[in-house]
Amino acid sequence: MDKKYDVVALGELLIDFTENGISAQGNPVLEANPGGAPCNVLAMLKRLSHNVGFIGKVGKDMFGNQLEAALVETGIDTTGLMRDDEVHTTLAFVHTAPDGDRDFSFYRNPGADMMLNEDDVESLKALIEDTEIFHFGTLSMTSENCRNATKKAISIAKAAGAYISFDPNLREPLWDSLDNAKEQVLYGLSKCDILKISDNEIQWLTGKEDYDAGVSYIRERFDIPLILVSLGREGSLAYSRSSKAKVLPFLQENTIETTGAGDTFCACILHYVLEHGLKDYSEDELVSMLTFANAGASIITTRKGALRVMPEKKEIEALIGNKSNSKYL
């Protein structure tokens, strides 16, 4: 029987305060954007006509109200969205450098997203069992409560036959130690079928500067059918069991920030898996997958925020059609 959801994601839902000009008094103006990697992934998947649901916690406050409204507006199922009576919604303040890279300051000690617990997950068992793909990252594993909840959800999803998708999305300031972060990333690798990891994350995790060597390091320890490495301005890599591909990026002259680029990329990969099934892809199939994902990620860098402004499929296809750089090395 077909599952109700194509993808269910668990994790953080928060407010990204992003810089948006200077006030008349000369102060920076901050815009309260809905954020959080798992919901960015879901928003892009929804744009691609998939049925998606979110599991996580926000506060019973004005920001929690704003976030719930954003999910409803975007079309993300909120059955798994919970509200905490005592802890406020998590906030992140984002400074954008001239090249589009970002520096985060989190107000999360604790934040409502950290309050998700095993009982919450147990109450959502039917939701988790009814998805083709279960997606998670590591921000839901920085504290014991939510870490146990995440692991319980993964266990339920795996038992129900879902593919497990993992994006470490490492945010160093949120960890008590990088050793603990590494331990939780390794746990994620031991459970996932689809791994999306960034260039700096794979180098940090494996100690290998060369990406092929880093993927080999992971593959020697974990049986992961599909591994994607995002390379920022260098494009992306994909590894199936027997093939590898690299696709160059769609560089934009009007890039303003990179918020959501990795999440958009990840969602486009999951879209391809949902369309074609998870298998031992050929090089040509990996190229097609990466080209679409790189194009989607490229478009989001030209927009402020992410969740509400994800590109349409026709925009991605138009960019691919208009560019001559959708080649691989």
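The numbers here are math on the coordinates, done by the rules we state, and not lab data. Bear in mind that the values here come from a model prediction, so they are computed numbers and not experimental data. Note that we place each Cβ from the backbone using ideal geometry, even for glycine, and neighbour counts take in every protein chain shown.
Converting phi to 3J(HN,Hα) with the Karplus coefficients 6.51, -1.76 and 1.60 and the offset θ = phi - 60°, region 147-154 yields 4, 5, 5, 4, 5, 5, 5, 4 Hz in sequence order, with x at every glycine or proline.
Given labels modelled 7 Å from the Cα in the Cβ direction, how far is it in nm from SER155 to GLU122? So the label points at SER155 and GLU122 sit 1.1 nm apart. If you run the Gaussian network model on the chain, springs between alpha carbon atoms under 10 Å, then out of ALA162, ALA261, ALA318 the most flexible one is ALA318. Calculate one ³J(HN,Hα) per residue across region 58-68 by plugging θ = phi - 60° into the Karplus curve 6.51 cos²θ - 1.76 cosθ + 1.60, and present them in order as whole Hz with x for glycine and proline. Calculated HN-Hα couplings, in order: 10, x, 8, 8, 4, 6, x, 4, 4, 5, 4 Hz. Based on the Kirkwood approach, the hydrodynamic radius assigned to region 1-158 is 16.1 Å, with every pair of different Cα atoms included. Volume of the convex hull of region 161-250 (Cα atoms only), normalised per residue: 113 Å³. Distance between Cα centroids, region 63-139 to region 262-294: provide it in whole Å. Each part's Cα centre sits 25 Å from the other's. Working from label points 7 Å from Cα in the Cα-to-Cβ sense, the GLU275 to ASP212 distance is 2.9 nm. Among GLU275, GLU283, GLU129, the largest mean-square fluctuation in a Gaussian network model of the chain, built with springs joining Cα atoms closer than 10 Å, belongs to GLU275. Pairs of Cα atoms nearer than 8 Å and 6+ residues apart set the relative contact order; for the chain it is 16 percent.
Across region 93-246, C-alpha contacts under 8 Å between residues 6 or more apart give a mean separation that, scaled by the residue count, equals a relative contact order of 15 percent. For the cross-link pairs LYS182/LYS244; LYS4/LYS314; LYS151/LYS182; LYS4/LYS191, the ones whose C-alpha atoms lie over 19 Å apart are LYS182/LYS244; LYS4/LYS314; LYS4/LYS191. Here the extension length gained between GLU68 and GLU31 equals 11.6 nm, from 0.36 nm per residue of separation less the Cα-Cα distance.
Remark: C-alpha extents of region 193-329 on the principal axes read 40, 30, 27 Å, sorted largest to smallest. The Cβ shell under 12 Å around LEU116 holds other residues with a net charge of -3, Lys and Arg each +1, Asp and Glu each -1. Normalised size of the chain, defined as Cα radius of gyration per 2.2 N^0.38 Å with N residues, equals 0.93.
For region 85-242, a Kirkwood radius taken over Cα pairs fed into Stokes-Einstein (10 °C, viscosity 1.306 mPa s) yields D = 94 µm²/s. Using a cutoff of 8 angstrom between alpha carbon atoms and counting only pairs six or more residues apart, the relative contact order for region 47-114 works out to 34 percent.
Distance between the pseudo-spin-label points of ASN148 and GLU19 (7 Å out from Cα toward the beta carbon): 4.2 nm.
Taking each residue as 0.36 nm, the span from GLU183 to SER242 lengthens on full extension beyond its C-alpha to C-alpha distance by 18.4 nm. For ASN51, the amide hydrogen comes within under 5 Å of the amide hydrogens of ASP6, VAL7, counting only partners 5 or more places away or on other chains and with H modelled in the peptide plane. For LYS313, a cut-off of 15 angstrom between C-alpha atoms picks up these aspartates and glutamates, skipping any fewer than 8 places away in its own chain: GLU275.
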